[in-house]
Amino acid sequence: MKNKKTFMWLLLSLLVLTGCGSSRPVQTEEIENEDAGKIVVGFSQLGAESDWRSANTASMKEAFGDGTGYSLVFKDGQQKQTNQITAIRTFIQQDVDYIVLAPVMESGWDSVLTEAKQADIPVILVDRMVDVADRSLYSCWVGSDFELEGKKVCEWLHQYTLAKGIAPEDLHIVDLQGTFGSTAQLGRSRGLNEAALEHGWDIVALKDADFTQEKGREVMAQLLREYHNINVVYCENDNEAIGAIKAIEAAGLKAGADIENGEIMVLSFDGINEEALSYMAQGKIACIGECNPHHGPRVEALIQSIEDGGIPEKFNYVEESIFSTIKEVTTITVDGQQYTVANPFDN
Ligand code: AHR
């Protein structure tokens, strides 16, 4: 357990900003008094690409922001790993008590996390994982089982086809993938790939749509021009799904589960986006694998357990549901575990 840092770095940065102490010394004292004794958390958020991400940032700011026992230094990486690496180096220079990292992708973290370890600053990973040779470079991780999310949505699709008597070879699926190399993309793409191999589904194309609505629209529009047999689009998040639906409708087609009559079935992940949920209510999104963004209190609990001298579990998975309004499939079983398919509009 590390001692809480003084706020010398804040004082120093403000002195630099205010012209080396020549003006406004009062401001620096206020910040020192306000934050003295608090645990300083440097949070490198990967970006603001989706509604899920905004909800995740809000959860972190609520847990560590004003009125808490913490002082939060927040940096938005704008979807660039280089920005996140710079942020971590800044946190090290500032000698924060904890570094919390939501990494944009899995690879490329060995050097900077070694620097954090050498500076004796515990690193907590949130949401996505890192692929490093030495796992002692981070204390612990909390987030979703993305592959399980993918498996659940694919099992829902499998059960739907059984209930409707649709032959597996009649499914022509495109995968709008998330940010390439991120844990969410790798897990969800793997879930689909394995199900397609197992059931004999036709994967028409896989394309990176970067978890954004605009990219989802653009990529789907292009795929619809290129292929005329697509009847399922597996969107790796809700923002992509919203974009895909806009592209489907702009092409004069219909998003819906009635694929035997020409509709294109939209599958998705997250379940936090209001517009996506309203599309589900209208029957335009068939199934959403829940991805829970509310990690602030979970990260806070991990920090508290380290503060109390404990060693938290290395990997902390969040339990998640699966959503659909379609009556044909009420439960699914994945890896021996049964899940109820929840209708998000039931009271
Ligand atoms: O890593 C979690 C994923 O990242 C969410 O599914 C997506 O919406 C976000 O951008």
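What follows draws every value from the coordinates through simple rules; no lab data is involved. None of these values were measured; they are calculated from a predicted model. Glycine also receives a Cβ, built like all others from the backbone with ideal geometry; neighbour counts cover every protein chain displayed.
Computed quantities for the displayed model
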quantity	calculated
Lone qualifier among ASP208, ASP202, ASP238 - being surrounded by 23 or more Cβ atoms within 10 Å (Cβ to Cβ) and either farther than 17 Å from ILE285 by Cβ or not polar (S, T, N, Q) (or both)	ASP238
Condition check for ILE272: over 17 Å from GLU155 (Cβ atoms), touching a residue at least 40 places away in the same chain (Cβ under 8 Å), more than 14 Å from the ligand (Cβ to nearest atom) and surrounded by 20 or more Cβ atoms within 10 Å (Cβ to Cβ)	no
Which listed residue is touching an Asp or Glu at 6+ places or on another chain (Cβ under 8 Å) and either in a loop (DSSP other than H, G, I, E, B) or among the acidic types (Asp, Glu) (or both), from ASN347, ASN292	ASN292
Test: VAL299 is in contact (Cβ under 8 Å) with a residue 40 or more places away in the chain and in contact with a His (Cβ under 9 Å, 6 or more places away or on another chain)	no
Among residues of segment 214-235, those that are buried (at least 24 other Cβ atoms within 10 Å of the Cβ) and in a helix (DSSP H, G or I), counted	3
Qualifying strands (runs of 3 or more DSSP E) (wholly inside segment 106-189; at least 3 residues being within 17 Å of the chain's Cα centre (by Cα))	123-126, 140-143
